[in-house]
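Novice: First the structure, then my questions, so here it is.
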Amino acid sequence: MTLVLDASAAVELLLRTPKGLAVQAHVRDGLVVAPDLLDVETCSALARLERAGSITRAESDAAAHRLGRLPARRMPAVTLLAVAWSLRDRVRIADAFYVAAAIGLGASLLTCDARLGRAPLENLTVTLVR
């Protein structure tokens, strides 16, 4: 089974939160794919959490290190641009790249983002990890 992992799910996974453990259960036996912007978005989220005092520097460093070893095949965002752009009225544009990847691969999308989980997306299975 192929799953597209978005940055919200990646952050939880890398920080090993309770949600992250649920994400791990979903990705354990599947092929994990993500747009290459996953790395930038995940690092941005980790830095934001650290600045806010939600996680320590050691936690963000460890999560960033694990990100570099995350066994997810990265897709060039440029190859998803046309489809992502066409989705801009339904989801945030960054999210649209994950949706475009899932559509293009016929894969499910795994997210911890409630807004993305509620988005009006037909012909796509979105799994919202709560």
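Laboratory data are not the source of any read-out in this text; all were calculated from the coordinates shown. Please read these numbers as outputs of a predicted model, since none were measured by experiment. Counting neighbours? That spans all protein chains shown, and the Cβs are built from the backbone with ideal geometry, glycine included.
Novice: For the stretch 2-128, what is the charge dipole size about the Cα centre, in debye to the nearest 20, if Lys and Arg each add +1 at the Cβ and Asp and Glu each add -1 at the Cβ?
Specialist: Roughly 120 debye for the stretch 2-128.
Novice: Net charge near ALA102: determine it from the other residues with C-beta under 11 Å of the C-beta of ALA102, scoring Lys and Arg +1 and Asp and Glu -1.
Specialist: After counting each charged neighbour, the total is -2.
Novice: For the stretch 2-128, what number results from the quotient of the Cα radius of gyration and 2.2 N^0.38 Å?
Specialist: 1.00
Novice: What ³J(HN,Hα) values, in whole Hz, does the Karplus curve 6.51 cos²θ - 1.76 cosθ + 1.60 give for the stretch 40-50 when θ = phi - 60°, with x put for Gly and Pro?
Specialist: Those phi angles translate into 5, 5, 5, 4, 4, 5, 4, 5, 5, 5, 5 Hz.
Novice: Between 0 and 90 degrees, rounded to the nearest ten: what's the tilt of helix 93-105 against the longest Cα principal axis of the chain?
Specialist: Taking Cα atoms only, the helix is inclined about 60 degrees.
Novice: Is the C-alpha gyration tensor of the stretch 36-83 telling us rounded, prolate or oblate? Criteria: a/c under 1.5 is rounded; beyond that, a/b larger than b/c is prolate, otherwise oblate.
Specialist: oblate
Novice: Rank these for me by crowding, SER44, SER60, going from fewest to most other beta carbons within 10 Å.
Specialist: The fewest-first ordering by Cβ neighbours comes to SER44, SER60.
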